[in-house]
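Notes follow the structure.
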Amino acid sequence: MEIPNWEDYESLRKESEYAAWVIYNRYYLNHYTISVHELKHPYNQLEIFNSLLKSNGIVFNNAGGEIKTSGDGLLKQSSTVAQTINAKFSCGNTLPISGSYVEFAERLPLPEFNSNKKLNRNQRREGFETSNADKIFESTFTSQTKRK
């Protein structure tokens, strides 16, 4: 697969920023997720973990709010804003585009399980939340990366 030229990338970006990201980056890692509920107290709570990162200069995606929460309240997610990378296009131009980002998830215990003990994966909220993911994927959008 050939690297696109800038004009094609920019034309596609106007239609879909995510599609433009994919057409340039292809199989690169778009993001990875850290399960903060697996961290030691108090950093196993997304609000506290985010505060630590922000105090160290990390910029968070604020589309839909810094923390995106599922309708049942058992899945909380946040993400960093993608860093800008220098991308070399087929026409020879090197121009800045969005790179990858980090997502953070806190999967709370299902109502029937006591949160005072070590929980296994099946005792926590699982699954994908489309309304959260739509906002998380904006981490590579220029509306987020230009905020820095």
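For SER100, what residues show an amide H to amide H distance below 5 Å, using hydrogens built from the backbone and excluding near sequence neighbours? For SER100, whose amide H was placed from the backbone, the distant partners under 5 Å are GLN83. Beta bridges from DSSP with both residues in the chain: antiparallel share about 75 percent, rounded to the nearest 5. The modelled label-to-label distance between LYS40 and ASN62, using points 7 Å beyond Cα along the C-beta direction, is 3.3 nm. Pairs spanning more than 30 Å between alpha-carbon atoms, out of LYS40/LYS88; LYS40/LYS68; LYS68/LYS117; LYS76/LYS118: LYS40/LYS88. Taking each residue as 0.36 nm, the span from VAL102 to VAL22 lengthens on full extension beyond its C-alpha to C-alpha distance by 27.1 nm.
The relative contact order of the chain comes to 27 percent, based on Cα pairs under 8 Å that sit 6 or more residues apart. Taking a sphere under 15 Å around the Cβ of LYS76 and counting the other residues whose Cβ falls inside, with K and R at +1 and D and E at -1, yields a net charge of -3. Taken as Cα centroids, the range 1-64 and the range 68-132 sit 9 Å apart, rounded to the nearest whole angstrom.
Protection proxy ranking for 21-30, 49-58, using the average of other Cβ atoms within 10 Å per residue and placing the highest first: 21-30, 49-58. Comparing SER90, ILE23, PRO111 along the charge dipole axis of the chain, the residue lying farthest to the positive side is PRO111, per the Cβ-charge model.
Any read-out appearing in this document is the output of simple, stated calculations on the displayed coordinates, not a laboratory observation. From a predicted model like this one, the values you see are computed outputs, not experimental measurements. Ideal geometry is used to build each Cβ from the backbone, glycine not excepted, and the neighbour counts take in all protein chains shown.
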